[in-house]
Every structure is written in structure tokens, then in C-alpha cells.
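Here is the structure we will look at, set down as C-alpha cells.
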Amino acid sequence: MLAFLIFFTSGIGEAVNYLRHNVFTKQLVSNGIIFFAALIIVLIAFIFIYLFRKTKLAERKVFLQTSFNAFIGEIAICESESELVEVFSNPDYQKILLQFKQRKSDRNLLICELAETSKKFRGSTMKNILWLFDKMDLEKQLIKNLSNKKWHKKAKAIQQLSYLQQKNSIQKIFSFTNHQNDLLRMEAQIAIVKMTGFEGLTFLNNVTYPVSEWQQLRLIEELSSHTATELGNISEWLKSENLTVVNFALRLVEIYRQYDFYDKVAGCLSHQSMLICKSAVETISQISKESTADLLIAHYRGYDTFTQIKILKFLQVEGTENQLPFLLSFLNHRDDSYKLEAVKAIVNVSKTGVEKIEKIIDKSLFPWNIILPQIKNVA
């Protein structure tokens, strides 16, 4: 073993000597040091050049934005096309606008500034902004951006087209309303509705992806700025295989009080999805008829706790003495929350409600010793 170690050690020593004299010569080591030193210098120089260029671009962007904001301020207050042409033809402003035409990045910056400005104004000011957009022939650049391979650039282009009311691009944008990318699809849907109002809801006819709760709220917010004439193909949407479309259609019926769709909404009370049943109960409560209370009672047993309580709350407002037998049956319910809501409804629908309750329950026992005094005080 000792002999082996001596042999192994001597072999390593010979190998090291060989490498030192034949491979890692002084010249090679010297050249290596020079190479790595040069590489570090080049890397440092590259970093400095990159930072310098980035700083210059940032300064240029600030300069262009500042210059353009002054220009657009004058464009915004023009009262006639002749004034617009006069401001646009100003030599100082022409020099500024010429710089925007030199690079694609500058044109995109100009589009961005116009789109952001358009969000703040309406009326004649908005018309002036659109006049400038057309005058600068920027729609072509936006359409190119819409064809970009990166989804986030497509989404930004769609958003800007809608802010700048470029209705010639509606068909191109519409093709993205059922896109597999969530954010791109959502922006396209919002853009269509922003530009065309209720007419833009036609995308609901074919959308296969979910229309999220958040997206529904955004769409409703956009619709609020448009006049409600015809809400669209609600009858078909209520039969859609896409449950979120059905839910949104019910929401529209509720918000805009579309009484003509009462029977269609009533059909949704027996939907296989509890989500739709809940929405249908909410909606039909807002467009109710005399028969609604009995209709809800007929579907009552098939619902979850939340929806059943909702029906009891509805009966507190819209119930009549016809529903008393149904309401009195809850006085022996195992859940005290059902008892409380039923008692409120009984008292509201019947002048002798308290007496009817006292004949059935033992008012000295919990929870009646708490509920009844509260009800009597309110009554």
C-alpha cells in the first residue's frame, strides 16, 4: 500500500511538471492574462455605452413628450379646422413632428401620447385629437402593431385603437374576442364594446372561453356610457352552453329591467348549474310579477342554503298571505337563520302574523325568546 502511494504521488508530480513546462508555459499564461484583461475592458466599455445610450433615449423621450404636450395643448383648444391647420403648419411644431416620423419607436410614442390624451377628453377636443391622428397617418403603424407576434403588444394596440375610436379596425379587433390568450381576448372584447356599445356584445354569440366576473363588470361599466336601445341577442345568450354568457345575460336583464324576458329568466330557475339558478333568482326578483313568489317557492327545494335564504328575503317584500302556509312551515326548521327570515316575512305579509307565530311556537324557549321581542319592536 505504501509503495502504491509513493508511486501515485510521484506520477502526479511528473504530470504537473510536464504541464508546467510543455502546456502552461509562461507565454501562454501571459497571453491568457492579456486576453481576460481585454475581455473585462470590452465588457466594461459595453456597459458604459449601453447605459449612455439608455440615458440618451430616456432624455430624448422626455424631450419629445414635453414638446408634444405643448403642441397637443394648442391643438385641443382649436375651434375650427382652419385653426387646426394653422397650428399644425407652425414651423416649430413641424420640426417636432418630423422627429416622430424618423423611428418606429417615436411613432409609437406619439400614438401612446395621443391615446392617453384621448382618455381625458370628449366632444370637440376629442375630435381635434382624432384629426391630428389622421393627419399624422398613424393608423398604419397601429395596424402593424396589431400584427406583432408578442401578445402584449397586440393587446396594447387594441386598447389604443379603441381609445382613438378607430372603427375601421373593428373587424380586425373582433377576431381576437375569442382568442386563447386571456388578456388579449379581454382587451378585444372591451375595445369592441367601447367603440360600438351594445352592438359590440355580438361576440357573446360565439365566445367559448369564460367571461369572468371581473370582465363582466368591466363590460357593464363600458356599456353605462352608451344608450340602451336593444341589448342584443339575449334570448340566445340565455340558452348558451357557456355558463358565463348565460350569467352575463341575466345580469343585463336585471340591470336594464328587461321585463320582456321574464319567461326566459323563469326557465333558468331550473338550470342544471346552481350558479345560473342563483343569478336567475336575483334577476327575476328585480323584474317580478304577482306569480313570482309562487314560482320561486316551486323551485325552492332544489337550491342551496344561500339561494333559499334569498327567496325568504324576497318574500319579506313581495310575499302575500297566499305564501303563509309555506312560511309557517319554517318555524320548526333546525336552522335558526331560516326561522328568523321566515318570521320577518310572516309579519310583513300578515297583519296577524305575530299571533299566528305564537300559536305554533313556545315563546319562552330559545331562540324565540330573543326573536319575538325583536320582531315586535320593529313591527
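All of the numbers you see were taken from the coordinates with simple rules; none came from a lab. Small disclaimer: the values here were computed from a predicted structure and weren't measured. Heads up, the Cβs are rebuilt from the backbone with ideal geometry, glycines too, and the neighbour counts pull from every protein chain shown.
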*What ranking of Val42, Val211 emerges when the number of other C-beta atoms within 10 Å of each C-beta is taken as an exposure proxy, fewest first?*
Val42, Val211
_Global form of the stretch 36-158, assessed from the alpha-carbon gyration tensor, a/c cut-off 1.5_ = prolate
*What spacing in nm lies between the two simple spin-label points modelled at Phe52 and Asp336, each 7 Å away from Cα in the Cβ direction?*
7.9 nm
*asked:* At a 10 Å Cβ-Cβ cut-off, how would you order Cys268, Cys78, fewest neighbours first?
replied: Cys78, Cys268
*asked:* Once you order the gyration tensor axes a ≥ b ≥ c over the Cα atoms, which shape class does the chain get: rounded for a/c under 1.5, otherwise prolate or oblate by comparing a/b with b/c?
replied: oblate
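Which loop-located GluC sites (Glu not before Pro) does the stretch 226-326 contain, where loop means any DSSP state but H, G, I, E or B and the Cβ has at most 12 other Cβ atoms within 10 Å?
Numbers: sites: Glu230, Glu236, Glu241, Glu254, Glu282, Glu290, Glu318, Glu321; in loops: Glu230, Glu241, Glu290.
Sparse-neighbourhood loop GluC sites (Glu not before Pro): Glu230, Glu241, Glu290.
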*Got a sec to turn the phi values of the stretch 221-228 into Karplus ³J(HN,Hα) couplings, 6.51 cos²θ - 1.76 cosθ + 1.60 with θ = phi - 60°, whole Hz, x for Gly and Pro?*
5, 5, 5, 4, 8, 10, 6, 7
*Rounded, prolate or oblate: pick one for the stretch 101-178, where a ≥ b ≥ c are the square roots of the eigenvalues of its C-alpha gyration tensor, a/c under 1.5 means rounded, and failing that, prolate if a/b is larger than b/c, else oblate.*
oblate
*Looking only at the stretch 268-288, which residues have a backbone nitrogen under 19 Å from a spot 7 Å from the Cα of Phe306 in the C-beta direction?*
268-286
*Report the relative contact order of the chain, percent, no decimals, based on alpha-carbon pairs under 8 angstrom and at least 6 residues apart.*
6 percent
*For Asn181 and Asp263, FRET efficiency with R0 = 35 Å and r from the beta-carbon atoms, rounded to 0.05?*
0.40
*GNM flexibility winner over the chain from Gly73, Gly353, Gly32 (Cα, springs under 10 Å)*: Gly32
_Taking the Cα centre as origin and putting +1 on Lys and Arg beta-carbons and -1 on Asp and Glu beta-carbons, what dipole magnitude results for the chain, to the nearest 20 debye?_
1560 debye
*For the stretch 126-177 and the stretch 275-305, distance of Cα centres in Å*: 44 Å
_Under the Karplus curve 6.51 cos²θ - 1.76 cosθ + 1.60, θ = phi - 60°, whole-Hz ³J(HN,Hα) for the stretch 33-49, x wherever Gly or Pro sits_ = 5, 5, 4, 5, 5, 5, 4, 5, 5, 5, 4, 5, 4, 4, 4, 5, 5
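Once you have the alpha carbon radius of gyration of the stretch 159-286, what is it after dividing by 2.2 N^0.38 Å, with N set to its residue count?
Here the Cα radius of gyration is 1.04 times the empirical estimate.
Please arrange His152, His271 by how many other C-beta atoms lie within 10 Å of their C-beta, fewest to most. Intermediate values should be presented prior to the final figure.
Working: His152 12, His271 17.
Arranged by neighbour count, lowest to highest, His152, His271 become His152, His271.
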*Can you work out ³J(HN,Hα) from phi for every residue in the stretch 111-127, in order, using Karplus 6.51 cos²θ - 1.76 cosθ + 1.60 and θ = phi - 60°, giving whole Hz and x for Gly and Pro?*
4, 4, 5, 5, 5, 5, 5, 5, 5, 9, 10, 9, x, 5, 4, 5, 4
*Most fluctuating residue given options Leu161, Leu142, Leu217, as computed from a GNM of the chain linking Cα atoms under 10 Å*: Leu217
*Could you work out the Kirkwood radius for the stretch 232-323, taking every pair of different alpha carbons, averaging 1/r and inverting it, reported in Å?*
13.1 Å
*Separation in nanometres of the label points that stand 7 Å from Cα toward Cβ, at Leu243 and Met274*: 1.0 nm
*Along the charge dipole of the stretch 222-371, Cβ charges K/R +1 and D/E -1, which of Met274, Thr320, Ala249 sits furthest on the positive end?*
Thr320
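Nearest 0.05, what FRET efficiency do Asn168 and Lys363 give at R0 = 56 Å with Cβ-Cβ as r?
Working: r = 73 Å, r/R0 = 1.31.
My answer for the efficiency is 0.15.
Using the crude model of +1 on Lys and Arg Cβ and -1 on Asp and Glu Cβ, and no other charge, please compute the dipole size for the stretch 51-123 relative to its Cα centre, in debye to 20. Don't skip to the answer; put the middle values down first.
Numbers: 13 positive and 10 negative charges, 160 e Å.
The dipole of the stretch 51-123 has a size of about 760 debye.
What do you get for GluC sites (Glu not before Pro) in the stretch 71-147 restricted to DSSP loop and a cutoff of at most 16 other Cβ within 10 Å of the site's Cβ? Show your work: numbers first, answer last.
Values: sites: Glu74, Glu79, Glu81, Glu83, Glu86, Glu113, Glu116, Glu139; in loops: Glu79.
Here the GluC sites (Glu not before Pro) that fit, given the DSSP loop and packing criteria, are Glu79.
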